[in-house]
Amino acid sequence: MDTDLFAQRREAFFRKIDRDAVVILPGNSLVWRNLDTPYPFRQQSDFYYLTGYDAPDAVAVFVPNNKRYRFVLFVHRPTEREILYDGRAVDTKALQQQYGATAVYFTDQMGKVLPRMVKWDRPIYYPFGHHPKWDEFIVNQFITKRSGGQWPIMDPLPIIHELRRIKTAADFSAGLQEAIAITGEGLLAGIRAVQPGKWEYQIQAEIEYVFRQRGAQREAFQSIIASGPNAGILHYVRNNRQLQAGDLVLMDCGAEVNYYCGDLTRTVPVSGRFTPEQRQIYELVLRAQQTGIAHMKPGVTRKAVTEAIDNVLQEGLKELGLIEREADFKIFTIHGYIHWLGMDVHDVGGYTRRGVDIPFQPGMVMTIEPGVYVREDALQRLRKKGVPAEQLERIAKKIKKYLNIGVRIEDNIVITEDGNRNLSAEIPKTVEDIESLMRT
């Protein structure tokens, strides 16, 4: 574990806040599936970003201008049963050294220790609304006891998220590049496994086997293996349909490595070759994605890239006869095309500041994932938008021609000083390359 990396992040955070502040940041707790069986634990990303500590029920307290309390870690005191069953024995001195903390206490000591750390009318940073237990504790300590001081309480998360939006070389070496690489390897295994008669969950198993075999701790999100009409369901995760000859299958998946996420999508023909109609839709989406990538560079905004992609998709859908009014293109494209990527698959940081789009900067990592989906409800949705009956009649014939074709192509991009770098460029995505891969 690179304690220097977390220390550097804390120092960057301290430079953004009031020098006299106290920051109280809880981590995640276990969530119980049933009786004594919890869901697999994952630490809250902001907490991990500043501490590196990945056990449940911890709280970090930072007092930047106090050497004794600069980074204090409060951890869960395990019960005898937890030690026997889960091996959760805790050595606070060892934890202090391992995580670079100035002190480590148990959380049941916070009521006594915290008041010694928060003196006078100093500002407090605490994220209300995420941890009911600690919300109540903070209210009791610093709001109902106003006679002990006037403590302004502010949310630290926007400050942390601002820092997380820019990735450094340390982020890539800590796990981000590996997460994307492993995601790509898993996706390639999934593509090679596709054939008529297999089930979506079998393709999922091929992908996720590679994730684990290559060292990913978990999936970044539930894998989407969507064949035939399921490709039009954006977050389809049932993965229980049998692949049929002549269908497409959309695979959207991500590995997580050391709290960093990959997120890639490819759409391939179950039979190994695209039909003419599938190829038309696919090459439209690919052209839109390539246009978007070409626009991605410092100073450009997410909105500008989105508009460039929109223009390609509007024109293409019109040429295919699926729309006659450009404003109706969203019936077939549905979702946004870009989101930040990092410790969360839809990473934090926001896209605007005071109502103005944030321009891309070197170190920003994001996905780019246009899609076109010809769903069975497309005609109904066009009718609701007020498309005239004579247009609907013409469009209905085109919808029938392309019905249940759903295509999404997604890559991971980092903004560089002079443009961008596609972090997943080695994963085939042209029609010719995909068909060649499926023949091997």
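Just a few scattered comments:
- Residue count for region 388-440, restricted to those that are closer than 21 Å to V374 by Cβ and part of a strand (DSSP E or B): 4
- Where a residue in region 278-300 is farther than 19 Å from G406 by Cα and its partner, wherever it lies, is outside any helix (DSSP H, G or I) and polar (S, T, N, Q), with Cβ under 7 Å and at least six apart: I293/N420; I293/N422; M296/N420; K297/N420; P298/Q361
- For region 124-140, residues that are assigned to a helix (DSSP H, G or I) and more than 19 Å from V75 (Cβ to Cβ) total 5.
- Considering the conditions (1) in contact with a Phe, Trp or Tyr (Cβ under 8 Å, 6 or more places away or on another chain); (2) crowded, with 18+ Cβ neighbours inside 10 Å, I338 is excluded by exactly one of them, (1).
- For the residues V356, V345, the requirement of being among the hydrophobic types (A, V, I, L, M, F, W, C) and in contact (Cβ under 8 Å) with a residue 40 or more places away in the chain singles out V345.
- Selection of first residues in region 5-21 that are surrounded by fewer than 18 Cβ atoms within 10 Å (Cβ to Cβ) and of second residues that are among the basic types (K, R), restricted to Cβ pairs under 8 Å at least 6 apart or on distinct chains, gives the following pairs, ordered by first then second residue: D18/R122; D20/R122.
- Residue within region 286-301 that is under 26 Å from G355 (Cα atoms), basic (K, R), at pLDDT 95 or above and part of a helix (DSSP H, G or I) present: no
- Considering the conditions (1) under 30 Å from R273 (Cα atoms); (2) surrounded by fewer than 17 Cβ atoms within 10 Å (Cβ to Cβ); (3) not hydroxyl-bearing (S, T, Y), E219 is excluded by exactly one of them, (2).
- Close pairs (7 angstrom Cβ cut-off, 6 or more residues apart or separate chains): in the same structural domain as Y259 (by TED's automatic domain parsing) in region 55-72, part of a loop (DSSP other than H, G, I, E, B) and at pLDDT 95 or above anywhere: none
- Residue check, R375 out of contact with any Leu (no Cβ under 8 Å at 6 or more places or on another chain), assigned by TED's automatic domain parsing to the domain that holds V270 and surrounded by 15 or more Cβ atoms within 10 Å (Cβ to Cβ): yes
- Test: I203 is at pLDDT 95 or above and in contact with a His (Cβ under 8 Å, 6 or more places away or on another chain): no
- Answer from E319, E324, E307 - the residue that is in contact with a helix residue (DSSP H, G or I) (Cβ under 8 Å, 6 or more places away or on another chain) and either modelled with pLDDT of 95 or more or not aliphatic (A, V, I, L, M) (or both): E324
- Scope region 66-123; condition assigned to a helix (DSSP H, G or I), among the aromatic types (F, W, Y) and surrounded by fewer than 16 Cβ atoms within 10 Å (Cβ to Cβ); matching residues: Y85
- Counting the residues of region 303-341 that are in contact with an Asp or Glu (Cβ under 6 Å, 6 or more places away or on another chain) and in a helix (DSSP H, G or I) gives 2.
- Yes/no for F172 being surrounded by fewer than 17 Cβ atoms within 10 Å (Cβ to Cβ) and aromatic (F, W, Y): no
- Any hit, region 143-156, residues being touching a residue at least 40 places away in the same chain (Cβ under 8 Å), in the same structural domain as Y126 (by TED's automatic domain parsing) and surrounded by 14 or more Cβ atoms within 10 Å (Cβ to Cβ): yes
The values are calculated or read from the model by the stated rules, or taken from the named source; none is laboratory data. Quantities reported herein were computed from a predicted structural model and do not represent experimental measurements. A quick note on method: Cβ atoms are made from the backbone with ideal geometry, for glycine too, and the neighbour counts reach across all protein chains shown.
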